[in-house]
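As structure tokens, the structure follows; a few thoughts come after it.
The values are calculated or read from the model by the stated rules, or taken from the named source; none is laboratory data. Computed from a predicted model, the values in this text were never measured in an experiment. Counting neighbours? That spans all protein chains shown, and the Cβs are built from the backbone with ideal geometry, glycine included.
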Amino acid sequence: MNRRVVYTSIFGGYDTLIEPKNISPNIDYICFTDADLKSDTWEIIKVPAIYTDSTRCARKYKLLPHRFLNQYDCSLWVDGNITVHGDVNKFIDTYLPFTNIAVYDHMQCFDKRNCIYQEAQTIFYFGQKNGNYKDDPNIIQQQMERYTKDSYPQNNGLVSSGVILRNHNSTDVIKSMEYWWSEVKYGSKRDQLSFNYSAWKTGLNFKWINGDIRANEYVRLIGKHAAKDKSKQFAPINAEYFLNMELANGGGGKEIIKQQGKLITVRDIVNFFKDTENLDTVKSTLEPSNWQYFNCMLGQFRHGVGDHHDLGWENMTKEYYESLDLMTDKQIESFLKNNPVEFDNGFIRHNYHRACAMIGRLISGKPYIPFYMKTSQIYDEPRKHDGKHRIKPLTTNVYGIQEVLNLGIPASEFTITQSGILALMGIRENDDIDIIISSKIRDKVFNGNKGFIRLDNGIEIFEEGKSKFMHFGATNEDDLINKFSFNVGGINFLEPRFYFRKKRKDRDKDKRDWKGVWEFVDMDGEKGYPWNQLNKDQWGL
């Protein structure tokens, strides 16, 4: 048997398995995963995902090779977005005779940093800027405060941890890796934040590998993790969208949830089972052949639920679900984000158990937590199986879009504002269609007319330089279209803050509008696509 191994781990579809560019002799290649992967080079070892967070599932194998690969003397770990490019035997022989662990130094990267506290601040900065934190900022902050209290020094180095060389069975490495794992398991999943601290705490002596982890003689970074590349492929759906979805009919317990097809949408099911009399009546009809989805609904989201094909319907009892720990809201949020559902537009056939678990939350009065599904399937496409377009694009709510396009104004040269925002939100029809046009279109279509333009077909074009819009750093109409608009179905809409900051609240009509706005917010409507493109400031509420 070979005594050296290259290994990786991939969970929750976070990466695709990359074939090594150079296959070195006398080296084994192993991938731990929860997926059905295939490879000509890697030995695929399928293991269960024991955490709802796929990142921590992968980190366990990354940090603890002495538990899972103790038959090997030494190992090379590579993250899923890194390809082995050079001679692994040469790589190992260059470093491991002289140290038991070698890692890349972030100071040798182009974005040089040498401090875990600085790394935490970088995460905070980009999380606030992009609205997407790499981990819970509260957890990171508490961890950094704990390290400070423990007198861990600043500027004590920062690992670039995507590649690790180890004599992983050596006592000092085992001690430090177990400590590092406890930090990742109970603290932030961002392992960069805790490696140097763990080495300092356990007295581990390690060596820096020469060069930039992104491109060197032995390994190369090939880009973002697959899950990051998929971020635009999947988007969250809000509660209103979920409630309007139709569940598939069928047997095996679906007939209990759907009440023999009498209940159509998620909203119908939630309203029916919120009535305790209905709930008790249905309980009396349960038997092993039909109780799986009902028990899942009442059980809600639990840790470690087995596959229903392996367990058998009859074993998915009320007692079975109650024997498993409930997931916290944070855990559910992370699980759903990392494991998108296979819903069709407005229709649930796959991931039925997951849908039932969420229905159970809503029945019990708990808040909805967004599912993630293919962005193209939210609103835009009919279900391929039957051709039905159950939930139409939001732009169909907005009167006048086609009329604007018929004027010869390209979609990229105007943005919709005012009551068009309310129509897009589903609050009410827009009175007319208020738009801002580019300087190019003003010259080309309207002969340079810089004033207010009202057309017979309900189109109103704001005059050039309208003061009510020259805020938040916008200086002209082109700014408003290109820098302060968000796109829905190929159509630009001005950020809601420009409308809401000046919207009246005294008239009856305005009061009804504001009531609709706050109902939208109370339902967390802004958390679903396409509204998730906007941050709190852009809403202006």
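Within the stretch 153-190, count every residue that is within 18 Å of Tyr95 (Cβ to Cβ), of a type in the set (A, V, I, L, M) and either in contact with a Phe, Trp or Tyr (Cβ under 7 Å, 6 or more places away or on another chain) or part of a loop (DSSP other than H, G, I, E, B) (or both). Walk me through it before giving the result.
Of all residues in the stretch 153-190, those within 18 Å of Tyr95 (Cβ to Cβ) come to 157, 159-170, 172-173, 176-177.
Within this subset, residues satisfying the condition of being of a type in the set (A, V, I, L, M) are 159, 163-165, 173, 177.
Right, trim to either in contact with a Phe, Trp or Tyr (Cβ under 7 Å, 6 or more places away or on another chain) or part of a loop (DSSP other than H, G, I, E, B) (or both) and you get 159, 163-165.
Count: 4.
Of the conditions (1) out of contact with any His (no Cβ under 7 Å at 6 or more places or on another chain); (2) farther than 24 Å from Tyr372 by Cα, Glu246 fails just one. Which one is it?
(2)
Filter the stretch 132-152 down to residues that are surrounded by 14 or more Cβ atoms within 10 Å (Cβ to Cβ) and assigned to a loop (DSSP other than H, G, I, E, B) and give me whichever is modelled with the highest pLDDT.
That would be Tyr152.
Can you name the residue in the stretch 283-338 that is of a type in the set (Ser, Thr, Tyr), in a loop (DSSP other than H, G, I, E, B) and touching a residue at least 12 places away in the same chain (Cβ under 8 Å) and is also farthest from Gly12 (Cα to Cα) among such residues? First the steps, then the outcome.
Within the stretch 283-338, the first condition is being of a type in the set (Ser, Thr, Tyr), and the residues that meet it are 284-285, 289, 293, 317, 320-321, 323, 328, 334.
Imposing the further condition that a residue be in a loop (DSSP other than H, G, I, E, B) reduces the set to 284-285, 289, 317, 323, 328.
From what's left, touching a residue at least 12 places away in the same chain (Cβ under 8 Å): 285, 289, 317.
Numbers: Thr285: 37, Ser289: 30, Thr317: 27 Å.
The extreme case among them is Thr285.
Tell me the residue from Ile269, Ile256 that is in a helix (DSSP H, G or I), outside the structural domain of Gly426 (by TED's automatic domain parsing), in contact with a Phe, Trp or Tyr (Cβ under 6 Å, 6 or more places away or on another chain) and buried (at least 19 other Cβ atoms within 10 Å of the Cβ), please.
Working: Ile269 fails: in contact with a Phe, Trp or Tyr (Cβ under 6 Å, 6 or more places away or on another chain).
Checking each option against the conditions leaves just Ile256.
Just give me the residues in the stretch 456-473 being of a type in the set (A, V, I, L, M) and touching a residue at least 12 places away in the same chain (Cβ under 8 Å), in sequence order. Walk me through how you get there before you give the answer.
Initially, the stretch 456-473 is screened for residues of a type in the set (A, V, I, L, M), giving 459, 461, 470.
Passing the criteria: Ile459, Ile461.
Out of the residues in the stretch 191-217 meeting the condition of being at pLDDT below 95 and part of a loop (DSSP other than H, G, I, E, B), tell me which one is surrounded by the most Cβ atoms within 10 Å (Cβ to Cβ).
Result: Ile213.
Need at least 2 residues that are of a type in the set (D, E, K, R) and surrounded by fewer than 19 Cβ atoms within 10 Å (Cβ to Cβ) per element, so show me which helices (runs of 4 or more DSSP H) inside the stretch 364-463 make the cut, counting only ones lying wholly within it. I'd like the intermediate steps shown before the answer.
Values: elements: 401-406, 419-425, 439-444.
Correct list: 439-444.
Look through the stretch 515-541, keep the residues that are more than 13 Å from Asn238 (Cα to Cα) and of a type in the set (A, V, I, L, M, F, W, C), and return whichever of them is surrounded by the most Cβ atoms within 10 Å (Cβ to Cβ).
If we take residues in the stretch 515-541 being more than 13 Å from Asn238 (Cα to Cα) and of a type in the set (A, V, I, L, M, F, W, C), then Val517 is surrounded by the most Cβ atoms within 10 Å (Cβ to Cβ).
Which residue out of Tyr125, Tyr61 is closer than 19 Å to Val219 by Cβ, in the same structural domain as Arg166 (by TED's automatic domain parsing), assigned to a helix (DSSP H, G or I) and within 29 Å of the chain's Cα centre (by Cα)?
Going through Tyr125, Tyr61 in turn, just one is closer than 19 Å to Val219 by Cβ, in the same structural domain as Arg166 (by TED's automatic domain parsing), assigned to a helix (DSSP H, G or I) and within 29 Å of the chain's Cα centre (by Cα): Tyr61.
Of Arg501, Arg512, Arg507, Arg497, which residue is surrounded by fewer than 16 Cβ atoms within 10 Å (Cβ to Cβ), more than 22 Å from Lys440 (Cβ to Cβ), over 23 Å from the mean Cα position of the chain (by Cα) and in contact (Cβ under 8 Å) with a residue 40 or more places away in the chain? First the steps, then the outcome.
Values: Arg501 fails: in contact (Cβ under 8 Å) with a residue 40 or more places away in the chain; Arg507 fails: in contact (Cβ under 8 Å) with a residue 40 or more places away in the chain; Arg497 fails: surrounded by fewer than 16 Cβ atoms within 10 Å (Cβ to Cβ).
Just one listed residue meets the conditions, Arg512.
Please give the number of the condition Pro236 fails out of (1) outside any strand (DSSP E or B); (2) touching a residue at least 40 places away in the same chain (Cβ under 8 Å); (3) surrounded by 21 or more Cβ atoms within 10 Å (Cβ to Cβ).
For Pro236, the exception is condition (1).
Residues are listed down the side, and each one gets a yes or a no for (1) under 23 Å from Trp539 (Cβ atoms); (2) outside the structural domain of Asp522 (by TED's automatic domain parsing); (3) in contact with a strand residue (DSSP E or B) (Cβ under 8 Å, 6 or more places away or on another chain):
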{"site": "Gly420", "(1), (2), (3)": "yes, no, yes"}
{"site": "Leu424", "(1), (2), (3)": "yes, no, yes"}
{"site": "Asn430", "(1), (2), (3)": "yes, no, no"}
{"site": "Asp434", "(1), (2), (3)": "yes, no, yes"}
{"site": "Phe446", "(1), (2), (3)": "no, no, yes"}
{"site": "Ile459", "(1), (2), (3)": "no, no, yes"}
{"site": "His471", "(1), (2), (3)": "yes, no, no"}
{"site": "Thr475", "(1), (2), (3)": "yes, no, no"}
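Taking the stretch 233-269 as the search range and keeping residues that are under 24 Å from the mean Cα position of the chain (by Cα) and more than 18 Å from Arg361 (Cα to Cα), which one is modelled with the highest pLDDT?
Taking the candidates together, the pick is Ala235.
Give Tyr72, Tyr125, Tyr95, Tyr117 a once-over and let me know the one that is of a type in the set (Phe, Trp, Tyr), buried (at least 16 other Cβ atoms within 10 Å of the Cβ) and closer than 30 Å to Asp537 by Cα.
Working: Tyr72 fails: closer than 30 Å to Asp537 by Cα; Tyr125 fails: buried (at least 16 other Cβ atoms within 10 Å of the Cβ); Tyr95 fails: closer than 30 Å to Asp537 by Cα.
Only one candidate qualifies: Tyr117.
At pLDDT 95 or above, under 25 Å from Val84 (Cα atoms), surrounded by 16 or more Cβ atoms within 10 Å (Cβ to Cβ) and of a type in the set (S, T, N, Q), is that true of Asn167?
Details: at pLDDT 95 or above: yes; under 25 Å from Val84 (Cα atoms): yes; surrounded by 16 or more Cβ atoms within 10 Å (Cβ to Cβ): yes; of a type in the set (S, T, N, Q): yes.
Answer is yes for this residue.
State whether one or more residues within the stretch 45-57 are in the same structural domain as Arg190 (by TED's automatic domain parsing), of a type in the set (Val, Ile, Thr), outside any helix (DSSP H, G or I) and under 17 Å from Trp181 (Cβ atoms). Before you say what the answer is, go through the steps one by one.
To start, the set of residues in the stretch 45-57 that are in the same structural domain as Arg190 (by TED's automatic domain parsing) comprises 45-57.
When the remaining residues are screened for being of a type in the set (Val, Ile, Thr), the result is 45, 47, 50, 52, 55.
Retained after the next criterion (residues that are outside any helix (DSSP H, G or I)): 45, 47, 50, 52.
Now drop any that are not under 17 Å from Trp181 (Cβ atoms), which leaves 47, 50.
Checked against the condition, which is being in the same structural domain as Arg190 (by TED's automatic domain parsing), of a type in the set (Val, Ile, Thr), outside any helix (DSSP H, G or I) and under 17 Å from Trp181 (Cβ atoms), the stretch 45-57 yields at least one hit.
Would you tally the residues in the stretch 174-183 being of a type in the set (A, V, I, L, M, F, W, C) and crowded, with 23+ Cβ neighbours inside 10 Å? Walk me through how you get there before you give the answer.
To start, the set of residues in the stretch 174-183 that are of a type in the set (A, V, I, L, M, F, W, C) comprises 174, 177, 180-181.
Within this subset, residues satisfying the condition of being crowded, with 23+ Cβ neighbours inside 10 Å are 177, 180.
Counting residues in the stretch 174-183 that are of a type in the set (A, V, I, L, M, F, W, C) and crowded, with 23+ Cβ neighbours inside 10 Å gives 2.
Of (1) without any contact (Cβ under 8 Å) to a residue 40 or more places away in the chain; (2) part of a loop (DSSP other than H, G, I, E, B); (3) crowded, with 16+ Cβ neighbours inside 10 Å, Asp40 satisfies all except one. Which?
Among (1) without any contact (Cβ under 8 Å) to a residue 40 or more places away in the chain; (2) part of a loop (DSSP other than H, G, I, E, B); (3) crowded, with 16+ Cβ neighbours inside 10 Å, Asp40 violates only (3).
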